[in-house]
């Protein structure tokens with residue numbers, strides 16, 4: 001390395017403890033006389049063992065009396081004769097002051113490395129998903145969880161519907177596969193419904209070839225004899241040893257010689273291994289199916305009547321089916337409306353027997369979900385006191 005004398009403009013080598021021009025000793029405490037890297041690192045490379053041994057001995061020490069820089073092995077100051085304080089333990093080594101080399105923390109080729117989520121982050125993610133599922137299940141459970149209420153029958157209602165259908169006979173014709181499953185009085189004959197491929201055979205033959213190549217000697221040159229070249233000292237890797245030297249890394253490029261190419265390459269493409277290839281052709285053969293004339297029934301609605309009421313006195317509309325050409329269909333609905341001081345609910349019994357249990361004005365023990373579904377359990381028992 002090198003240092004600049006503050007008494008004269010001389011630039012001294014790291015092996016010099018005193019200025020070679022004015023004799024001024026290097027003082028470690030003066031930042032201006034700190035060691036620094038020279039411009040030409042290759043020219044400053046230490047090649048002799050004696051100089052290397054000076055640096056390998058260890059960092060220099062600073063004389064307490066005159067402040068001059070002294071070699072590690074020196075037991076006393078060569079400038080004023082004072083003893084080495086590091087040997088007596090009276091003074092801790094003074095840290096070396098030197099110029100620092102600033103490195104760009106993000107060089108031009110820097111690309112952030114993708115790192116997968118840590119184990120802790122994965123656990124948090126899985127925990128969040130589980131918490132969401134548990135929350136949804138809890139909400140559903142809350143909406144379906146029943147509560148007990150005492151509800152009063154506010155009103156009842158029923159309706160009976162009778163639908164009379166009249167048979168209608170239809171005539172049609174078509175392919176048997178398209179006829180209704182309940183068709184009757186069918187008369188069929190074989191008819192041509194189209195054609196299909198038959199009698200496969202080879203046709204439209206033509207020659208097909210592979211592509212083959214000759215083998216020709218390679219021309220030109222190729223990389224060979226890998227070796228290092230353009231070697232230089234990496235200034236950013238240099239680490240000061242405190243004795244006027246620095247350890248630096250040497251970096252080199254990867255270079256090659258150029259040698260004649262060996263071996264052969266494919267050349268002169270040509271057709272070879274020809275063979276006859278055919279397509280598959282077919283004749284067209286007639287396809288026959290049953291073409292049928294048939295009849296089928298439909299049952300359009302002739303009449304619909306409905307009766308309804310708000311008491312237990314139910315009855316059906318006066319509508320009947322006559323003979324095999326008519327059909328009578330019936331449907332029934334029942335509804336009970338409950339209420340308390342706050343809410344109202346509608347309950348639909350499954351049939352007349354269940355509907356008959358509910359009298360207007362009676363109170364029932366029931367369960368109700370948050371979603372508003374009521375399920376009557378039993379009527380409220382009332383007691384009468386006798387005198």
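The ranking of 340, 48 by Cβ neighbour count inside 10 Å, starting from the fewest, reads 48, 340. Computed from the C-beta positions of residue 190 and residue 278 and an R0 of 35 Å, the FRET efficiency is 0.45 to the nearest 0.05. Full extension of the chain between residue 258 and residue 232 yields a length gain of 7.0 nm, computed as 0.36 nm times the residue separation minus the alpha carbon distance.
As an exercise, use a Förster radius of 51 Å and the Cβ-Cβ distance of residue 154 and residue 129 to find the FRET efficiency, rounded to the nearest 0.05.
0.65
Between 0 and 90 degrees, the angle of helix 119-144 with respect to the longest Cα principal axis of the chain falls at about 20 degrees. A full extension of the chain between residue 340 and residue 168 corresponds to an added length of 56.6 nm, given 0.36 nm per residue minus the alpha carbon distance.
Distance from the C-alpha centroid of the stretch 318-383 to that of the stretch 244-297: 74 Å, rounded to the whole angstrom. If the label point is 7 Å along Cα→Cβ of residue 310, which residues in the stretch 151-190 have backbone nitrogen under 12 Å from it? 154-158, by backbone N distance to the label point. With one equal scatterer per alpha carbon and no solvent term, the Debye-computed log10 I(q)/I(0) for the chain at 0.06 1/Å reads -0.76. Of all DSSP beta bridges confined to the chain, the antiparallel ones make up roughly 100%.
Ranking of 319, 352 by neighbouring Cβ atoms within 10 Å, starting from the fewest: 352, 319. Note on the stretch 191-275: Rg/Rh from C-alpha atoms, Kirkwood Rh, equals 1.61.
Cβ crowding within 10 Å, taken as a proxy for footprinting-reagent exposure, orders 327, 165, 147 from fewest neighbours to most as 147, 327, 165.
Just so you know, all these numbers are worked out from the coordinates, no wet-lab data involved. This is a predicted model, so every value here is computed, not measured. When we count neighbours, we look across all protein chains shown, and the Cβ atoms used for this are built from the backbone with ideal geometry, even at glycine.
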